[in-house]
Amino acid sequence: MTDTQGPAVLDRDGLNALVAELVAQGRTVIGPTVRDGAVVLAELESADDLPFGWGVELDAGRYRLVRRTDGAAFAHSAGPQSWKNFLHPARQRLWSADRTPSGGVDFTADEPAAPSYAFLGVRPCDLRAIAIQDRVLTGGRYEDTGYARRRTGAFLIAAECTEPGATCFCVSTGGGPAADPGYDLALTEVDGRFLVRVGSEAGGELLARLPHSAADEGTERAAHAAVDAARDRMGRALPPVDVRALLAGSADAERWDDVAERCLTCGNCTMVCPTCFCVTTEEVTDLTGDHTERWQRWDSCFDLDFSYLHGGPVRASARSRYRQWLTHKLSTWHDQFDSSGCVGCGRCISWCPVGIDITEEVTALAAEAGTGPTASADPRTES
Amino acid sequence: MAPTLAVFKLASCDGCQLTLLDCEDELLALAGEVEIAHFLEASSAVAPGPYDLSLVEGSVTTAEDAERVRAIRANSRHLVTIGACATAGGIQALRNYADVDEYRRVVYAHPEYISTLATSTPVSAHVGVDFELRGCPIDRRQLIEVITAFLAGRKPDVPNHSVCFECKRRGTVCVTVAHGTPCLGPVTHAGCGALCPAYRRGCFGCFGPSGSVNLPALIPVLRRDGMDDAAVERFLHTFNAPAFDEELRS
Ligand code: SF4
Ligand code: SF4
Ligand code: SF4
Ligand code: SF4
């Protein structure tokens, strides 16, 4: 191997070469790009497609692209999609079946070869979200084989966060703007150049093929300073309480009625959430009835059909559906998957049409539990 | 023998029946599975009922319509209403909020020739309906799915959730959040595939209320995005006005 195992620096030409090299390797490179008034994730043909000079202005229920003067490529957050759109796509066919002339049925599993993905610009929060979906979809007894196929070969290039948005709160979920292990390469953008750290052998090999220089002290210091400063500029925060226990003890909270008045039960929050994994499956026959297909598609606990058993939905009220979302995300997720289901990316806050804010709801629940009439049974004092 | 299919029309524009003719890729297969016994838009040859599956387009706006729809029901084993007129009264239900006599006087040279009811009502207000397929017009794929499901004896895969589900699955950037464009998607029944937001327009609510609607919660967002009271009312008073009105009152 070369000198590339230590941190290195790429300039704009190096970044161009990075994308070109991945494309030349036959990879489908996905990264941020501007479309329809937002920074979306889509296939990149070259580094020119990156959103140089675009930033975002975020608030609850509001997202606006804004011009930046510094030409930065990775100074945006909480876009309308996440990497799950590619690793755990919204629709996929699982299998089909055909009646045979002799009266039998032939089943064909749908196992298309996965594209060889390279994800460019994975935020530290989204890197954690991918790790959470890995645990959910491949870490248990029943592996989602389609997810595993798409995920196994994916090459991850993180972009550390130097520009948190007004709806970001990763620090209060135990994360932060620096990338945890799990990436192949990690970039930190400083003034038009990129500090690169290598996280895997494949990452090292790729870096060796790119025009780069060894990291100078000035760039390293500036990169660390920018990421450190981002830590203190989170737009929001979860309250400093044991959120898992708070939610576990809040089933009867009055706050659920309050949020149910405002919630449209439209499902946007779960669709944009990078960790929400719920799906439904539908069998679809054709007119002849000789051919049938099973399709999987994203579903959500906000969908009435989601909890429909014989006779009706289990969670009929908006109250019970919003409660399911928050309680699963922040509490029962620990019971199932040994972590929280929230990485603090802020998407559910920005992309909720009415601006319901998960941090505000948790804060209100904490206030209700701590100061309300049930203060003596404060779940936070239970172990 | 193949099951018989009939298509009927009350007060409507014919757009929904045309959707059936528009199913070009599936028409041959369909003709192989059902006997099209009554479909005046396609053929004047009519076979007598009873019909196994009747598709009914249009709303009830005359006493005659009301009588006819009862006869259709009596002559149909399975009755599916198609389109906003048949499922919600349609755009002609705007008369429900106006003085029909005044309309008659203003619009027609000989108002005395016009015999009409004061309201436009959905078929379900008159007879039992086995399934309601929404939309103005209905979606082609959903129509085929309803017929296919009927042939297979299963429930159609026609989800009750909001347009936002389809919009996000399609990867469209939300026009409300990112552009400040008023959109009825969060309260509207899915089915169109979130067509309008994909063209940077807000949803017009063609499919009527979804299975889970909190319309009062959306009104402040419409106002924030520049609609005054009159504009909000106009936005909701299109193809499914009575259905949305009911949601506002509940
Ligand atoms: S719950 Fe909200 S903030 Fe947390 S990971 Fe999901 S979308 Fe991001
Ligand atoms: S919050 Fe809802 S949609 Fe998300 S994973 Fe949990 S149950 Fe599924
Ligand atoms: S919290 Fe917001 S995004 Fe989620 S279902 Fe309710 S209104 Fe929709
Ligand atoms: S554009 Fe309309 S339909 Fe699409 S997510 Fe936004 S509010 Fe929902």
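The values are calculated or read from the model by the stated rules, or taken from the named source; none is laboratory data. Since this is a predicted model, take the numbers as computed values, not measurements. Every residue, glycine among them, receives a Cβ derived from its backbone with ideal geometry; neighbour counts consider all protein chains shown. Keep in mind that these areas ignore ligands, DNA and RNA; they rest on the heavy atoms of the full protein, side chains included. Shrake-Rupley method; radii C 1.70, N 1.55, O 1.52, S 1.80 Å.
Quick one: check the C-alpha center-to-center distance for region A:209-262 versus region A:160-207, whole angstrom. After rounding, the separation between the Cα centres reads 14 Å. Taking every protein chain into account, the accessible area of region A:3-231 amounts to 42 square angstrom per residue (probe 1.4 Å). Per residue, the accessible area of chain B comes to 44 Å², computed with a 1.4 Å probe over protein heavy atoms only. Close amide H pairs (under 5 Å, H built 1.01 Å from N) link B:Ile36 with B:Leu5, residues at least 5 positions away or on another chain. Could you work out how far the C-alpha centroid of region A:310-345 sits from that of region B:215-250, in angstrom? So the separation of the two Cα centres works out to 30 Å.
Working from Cα pairs under 8 Å separated by at least six residues, relative contact order for region A:3-231 is 26 percent. Applying both filters, DSSP loop and at most 13 other Cβ atoms within 10 Å, to the chymotrypsin sites (Phe, Trp or Tyr not before Pro) of region B:78-144 gives B:Tyr108.
Over chain B, Cα pairs under 8 Å with separation of 6+ residues give a relative contact order of 17 percent.
State, as an integer percentage, the relative contact order of chain A based on alpha-carbon contacts under 8 Å between residues 6 or more apart. Numbers along the way, then the final one.
On the way: 763 pairs, mean separation 83.8, N = 383.
Relative contact order of chain A: 22 percent.
Can you list residues from other chains, or at least 5 along the same chain, whose modelled amide H is less than 5 Å from the amide H of A:Gly355? Answer set, sorted by chain and number: A:Gly61.
When all protein chains stay in place and ligands, DNA and RNA are ignored, the 1.4 Å accessible-area order of A:Met234, B:Met1, A:Met271, largest first, is B:Met1, A:Met234, A:Met271.
Expressed as a whole number of Å, what is the distance separating the alpha-carbon centroids of region B:37-105 and region B:137-169? One Cα centre to the other: 21 Å. Given a 1.4 Å probe and the protein chains as shown, B:Ile91 ends up with an accessible area of around 90 Å². Counting only DSSP beta bridges whose two residues both lie in chain B, roughly 20 percent are antiparallel.
Here the 3J(HN,Hα) profile of region A:355-367, calculated from phi with Karplus coefficients 6.51, -1.76 and 1.60 at θ = phi - 60°, is x, 6, 10, 4, 6, 5, 5, 5, 4, 5, 5, 5, 5 Hz, Gly and Pro shown as x.
Could you tell me which chymotrypsin sites (Phe, Trp or Tyr not before Pro) in region B:171-217 are loop residues by DSSP with no more than 13 other beta carbons within 10 angstrom of their beta carbon? If you can, show how the numbers build up before the last one.
Values: sites: B:Tyr199, B:Phe204, B:Phe207; in loops: B:Tyr199, B:Phe204, B:Phe207.
Here the chymotrypsin sites (Phe, Trp or Tyr not before Pro) that fit, given the DSSP loop and packing criteria, are B:Tyr199.
Eigenvalues of the alpha-carbon gyration tensor of chain B, scaled by 5 and square-rooted, set the equivalent ellipsoid semi-axes at 31, 25, 14 angstrom, largest first. Of all the options A:Gly344, A:Gly140, A:Gly289, the one that moves most in a Gaussian network model of chain A with Cα springs shorter than 10 angstrom is A:Gly289.
Is the C-alpha gyration tensor of region B:163-249 telling us rounded, prolate or oblate? Criteria: a/c under 1.5 is rounded; beyond that, a/b larger than b/c is prolate, otherwise oblate.
Oblate, since a/c reaches 1.5 and b/c is not below a/b.
Every pair of different Cα atoms in region A:3-231 enters the Kirkwood calculation, which places the hydrodynamic radius at 18.8 Å.
Looking at region A:38-145, the GluC sites (Glu not before Pro) that sit in a DSSP loop and have at most 14 other Cβ atoms within 10 Å of their own Cβ are A:Glu45, A:Glu143. Considering every residue in A:57-67, what mean count of other chain Cβ atoms within 10 Å of its Cβ is obtained? Mean shielding by partner chains, rounded to a whole number: 2.
If you count only protein heavy atoms and use a 1.4 Å probe, how large is the accessible surface of A:His291, to the nearest 10 Å²? Approximately 50 Å² of A:His291 is accessible to the 1.4 Å probe.
With only Cα atoms counted, chain A has Rg and Dmax values of 22.6, 75 Å.
Rounded to the nearest whole Hz, the Karplus-based 3J(HN,Hα) values (6.51 cos²θ - 1.76 cosθ + 1.60, θ = phi - 60°) of region A:112-121 follow the sequence x, 4, 6, x, 8, 7, 10, 9, 10, x, with x at glycine and proline. Counting only the Cα atoms, region A:97-175 fills a convex hull of 138 Å³ per residue.
Remark: mean inter-chain Cβ contacts per residue of B:220-233 equal 1, using a 10 Å Cβ-Cβ cutoff to other protein chain atoms.
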